[in-house]
Amino acid sequence: MQSPDAVLERDDYDVVICSPSVATGVSIEVKGTISRVYGIFTGASSTDADMAQALGRVREPVERVIWCAKSGSNFSKVSRSTNMIELKRHLQDLTSATISLVRSSLREDTSGALVSYDWQSDPHVNLYARISADQNGSMYHLRDALQVRLSYEGHQVTVMEQQSIPIMKLLLQQTSLENRELDAEAIAAAADLTFAEVLLLEQQENIAPEERLAIAKFYLKEFYGLEVLTVDDVLWDADGRRRAEILNLEAQMLPQMAIERTLKALEKQAQWRQGYCPWDLAHVELRRQMRQSLGFDALIEQLKSGWEWTKHDLAIYTTKARTAAQHIKVALNFTITDKISDVQIVHQLLRQLGIKVKFCRWSRSVEGHKGEKLKVYCLDEEHWQQVSDILERRRIKRESLPPGAASGGEPRSNAGSPQVLTTSLQGGDPSHPSSENGLAAREWLTAESLEDVRRMWLMSETPEERSWVKVNVPAEVLERAIA
């Protein structure tokens with residue numbers, strides 16, 4: 001993509017398909033080769049500004065044919081507000097609530113810096129709030145926003161109304177399913193890598209497709225605690241959605257794990273001593289406390305014991321949820337309106353935890369509601385067994401770590417980052433040329449330090465956590481520690 005004109009002039013391709021990453025930095029200036037540009041935008045990642053940029057990569061004034069979803073889904077992770085001031089307030093509320101919950105486990109300087117954060121005039125938080133509010137506005141009215149932008153930029157825009165064709169929708173769904181199965185087969189058949197091999201690959205600037213598949217396979221096996229990865233395992237993961245749900249459930253069932261994950265995100269930023277980015281903090285403990293306040297800890301235990309329920313049994317939970325609707329919207333990214341039923345509220349909040357329920361039967365003999373035809377629900381036992389098996393494998397993996405490498409559900413003797421990452425540098429250039437993290441090269445290579453690095457790597461469960469370890473630990477040290 002660095003020099004597309006030279007490639008396109010060879011006429012080797014009938015069609016060129018580009019991902020949303022080709023929005024800036026690419027200029028196709030060749031004449032007479034591109035006959036038409038098609039843009040298909042679902043709003044999963046791009047705003048109207050990104051779409052307009054992508055459509056303009058071809059400089060020749062050829063016809064553009066565009067299909068755009070009415071609204072998108074790439075909202076800010078902090079808030080869906082389109083008002084910069086309100087979004088910043090939501091961010092401040094999230095941060096303040098999270099700090100108050102874990103403050104006793106934080107170093108005094110870390111908690112003090114966040115408590116005294118300048119929410120009014122900090123240029124970084126103001127810029128983030130403005131960009132995020134604009135992004136949310138684009139997502140709510142994606143198609144209209146794109147049309148207005150293209151017209152404002154001077155393009156001649158003709159809007160065409162087309163009726164959907166049921167058979168085409170069915171064919172597209174079938175094609176999408178087949179593509180997911182092909183992707184799953186490719187991941188399952190990829191090479192099996194070790195920690196060290198994955199580390200080396202991820203440090204490369206260009207990674208081959210087969211290597212990306214092998215890396216994806218490695219992380220799936222690591223997360224689910226599997227020796228052999230099957231196609232069904234990959235499909236069940238649903239592109240990472242199941243992993244996110246299981247992490248939520250794990251944190252809910254193991255409070256110490258929620259605190260650990262919240263602290264880890266804070267300490268990553270503290271390590272740099274260059275200020276804090278509140279929008280990148282983890283709010284795991286806040287979400288756990290929110291669900292606990294709704295009574296979900298007791299509800300989960302009821303479900304596991306075989307409880308069956310109707311809509312009338314959920315009032316104890318939904319009354320609290322509707323009262324705290326604004327807090328739930330910000331903390332759990334779930335909007336409660338008067339149009340949503342009690343059953344929908346509880347079931348969708350359970351779904352965030354990877355807990356699947358199902359309709360059992362109709363009944364007219366529910367105590368207190370005799371004669372009323374009611375739906376009776378219960379826990380989906382088959383799905384719950386899958387989730388339970390995964391939780392158990394992950395528990396065994398955590399407990400197999402050496403003493404002192406406790407993860408999530410096990411308390412650590414000292415709060416904060418492991419000693420190997422503690423730095424006394426106050427900013428500026430390091431005082432020691434080989435001291436990337438306050439440690440001299442000889443200190444990195446001691447048996448104790450290597451063991452600490454290995455533990456940190458094993459405890460890192462998300463790509464972001466592993467990336468942080470790779471940034472803060474010299475590559476040769478990390479490679480030796482996990483070899």
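The values are calculated or read from the model by the stated rules, or taken from the named source; none is laboratory data. Predicted, not measured: the structure shown is a model, and the values here were computed from it. In this analysis, Cβ positions are derived from the backbone assuming ideal geometry, glycine residues included, and neighbour counts consider all displayed protein chains.
Odds and ends about this structure:
- Every condition in (1) modelled with pLDDT under 95; (2) more than 15 Å from the chain's Cα centre (by Cα); (3) surrounded by 20 or more Cβ atoms within 10 Å (Cβ to Cβ) is met by Arg273 except one, and the failing one is (3).
- Residue pairs meeting the criteria (Cβ under 6 Å; at least 6 apart or on separate chains; first closer than 12 Å to Ala188 by Cα, in region 230-243; second assigned to a helix (DSSP H, G or I)): Thr230/Ala188; Val231/Ala184; Val231/Glu185; Val231/Ala188; Val234/Ala184; Val234/Ile187; Val234/Ala188; Leu235/Ala184
- Among residues of region 294-336, those that are in a helix (DSSP H, G or I) and among the polar types (S, T, N, Q), counted: 5
- Only one of the listed residues (Leu142, Leu87) is touching a Gly at 6+ places or on another chain (Cβ under 6 Å) and surrounded by 15 or more Cβ atoms within 10 Å (Cβ to Cβ). That residue is Leu142.
- Any hit, region 57-64, residues being among the hydrophobic types (A, V, I, L, M, F, W, C) and either outside the structural domain of Glu29 (by TED's automatic domain parsing) or touching a Leu at 6+ places or on another chain (Cβ under 8 Å) (or both): no
- Selected residue (criterion: farthest from the chain's Cα centre (by Cα)) from residues of region 374-389 that are within 13 Å of Ile355 (Cα to Cα) and of a type in the set (A, V, I, L, M, F, W, C): Cys378
- Among the residues listed as Gly43, Gly56, the single one being touching a residue at least 60 places away in the same chain (Cβ under 8 Å) and farther than 30 Å from Glu285 by Cβ: Gly43
- Here the condition is being over 30 Å from Ser81 (Cα atoms), small (Gly, Ala, Ser), assigned to a helix (DSSP H, G or I) and not assigned by TED's automatic domain parsing to the domain that holds Arg89; of Ser151, Ser176, it holds for Ser176 alone.
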